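*Asks:* Shown below is the structure under consideration.
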Amino acid sequence: GFEENVVLSEGELKEAARKFRADERVTGTVATGGGRVRLDAELAMIRDLRLSQPVVSEGTTVSEAAEAAARDIIAARKQIAGLRQCENLSREGKYAEAIASAALAVSAYGKAVPARLCMLEAMLQLEQPPLDSVASVARAVLSVAPTNAIALGHLAAVVEPLVHGVG
């Protein structure tokens, strides 16, 4: 029921997600150049849009780029069950188990961003946060999503202690 070229506001997207009881959404843009079509998409969790997975695809046609993006989005969704387990275990204060669930989610989809973000949050809740591991996971997020604010914040927070030999 949407017009073909409509741009929805953030409020309209949230309302549509609520109406359709969606857990995640995909948004994106399409650009052309040099005889190629590039699709920059993002799979984001509705409950926290900061938990987003970038998906970039290219093709010679819009259909080819969209099919490539769809394959990657299907693959990216393999992390969602582990992400949910990580979030639930973290809420229960079971941080080591949460980290293990996130690690399984990452093994299911190597470029996983949301699962790694949950892993970061759980690591930082441990009695002795492993700062070198936090930095490593944050860097892994940034290799896929270079502007991810959560990973940038955590990396900045742990770099200082690491530089000074703490952790």
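*Asks:* Can you tell me the alpha carbon radius of gyration of the chain divided by the globular rule-of-thumb value 2.2 N^0.38 Å?
*Replies:* Output field value: 1.15.
*Asks:* Can you give the calculated 222 nm mean residue ellipticity of the chain, where each DSSP H run of n ≥ 4 adds -39,500 (n - 2.57) and the sum is split over every residue, rounded to the nearest 500 deg cm²/dmol?
*Replies:* -17500 deg cm²/dmol
*Asks:* If you don't mind, there's one more thing I want to ask. Can you pull the Kirkwood radius for the stretch 20-116, inverse mean 1/r over Cα pairs, to one decimal in Å?
*Replies:* Across the stretch 20-116, the inverse of the average 1/r is 14.2 Å.
*Asks:* Over the stretch 1-61, calculate the relative contact order: mean separation of alpha carbon pairs under 8 Å at least 6 apart, over the residue count, as a percent.
*Replies:* This gives 25 percent for the stretch 1-61.
*Asks:* State the Cα centre-to-centre distance between the stretch 104-158 and the stretch 1-79 in whole Å.
*Replies:* 23
*Asks:* Further question on the same structure: Round to the nearest 10 and report in Å² the accessible area of residue 78, as given by a 1.4 Å probe over the protein chains' heavy atoms.
*Replies:* Probe radius 1.4 Å; accessible area of residue 78 about 130 Å².
*Asks:* Taking the dipole about the Cα centre of the chain, with the C-beta of Lys and Arg at +1 and of Asp and Glu at -1, give me whichever of 56, 93, 35 is farthest to the positive side.
*Replies:* Of the listed residues, the answer is 93.
*Asks:* How long is the gain from residue 71 to residue 139 if the chain were fully straight, where each residue apart is worth 0.36 nm and the alpha carbon distance is subtracted?
*Replies:* Extra length from residue 71 to residue 139 when fully extended: 22.0 nm.
*Asks:* Same structure again: Normalising by the residue count of the chain, find the relative contact order in percent from Cα pairs under 8 Å and 6+ residues apart.
*Replies:* Result for the chain is 13 percent.
*Asks:* Still on this structure: With every protein chain left in place, what is the accessible area of residue 8 in Å² (1.4 Å probe, nearest 10)?
*Replies:* Here the residue's solvent-accessible area equals roughly 50 Å².
*Asks:* Rounded, prolate or oblate: which one fits the stretch 90-161, using the alpha carbon gyration tensor with axes a ≥ b ≥ c (rounded when a/c is under 1.5, else prolate when a/b beats b/c, else oblate)?
*Replies:* Oblate shape, in that a/c is at least 1.5 and b/c is the bigger or equal ratio.
*Asks:* Determine the shape class of the stretch 46-91: with a ≥ b ≥ c the square roots of the Cα gyration tensor eigenvalues, call it rounded for a/c under 1.5, and otherwise prolate if a/b is greater than b/c, oblate otherwise.
*Replies:* Prolate shape, in that a/c is at least 1.5 and a/b is the bigger ratio.
*Asks:* When the solvent-accessible surface of protein heavy atoms is calculated with a 1.4 angstrom probe, in what order do 18, 77 fall, highest first?
*Replies:* The ranking, largest first, comes out as 18, 77.
*Asks:* Continuing with this model, one more query. Sequence gap at least 6, Cα distance under 8 Å: using those rules, report the relative contact order of the stretch 32-72 to the nearest whole percent.
*Replies:* 38
*Asks:* With every protein chain kept in the model, how would you rank 124, 131 by accessible area, 1.4 Å probe, largest at the top?
*Replies:* 124, 131
The values are calculated or read from the model by the stated rules, or taken from the named source; none is laboratory data. Computed from a predicted model, the values in this text were never measured in an experiment. Cβ sites come from the backbone with ideal geometry, for glycine too, and all protein chains shown count toward neighbours. When the accessible area is computed, the model is the full protein with side chains, heavy atoms only, and any ligands, DNA or RNA have been set aside. Shrake-Rupley method; radii C 1.70, N 1.55, O 1.52, S 1.80 Å.
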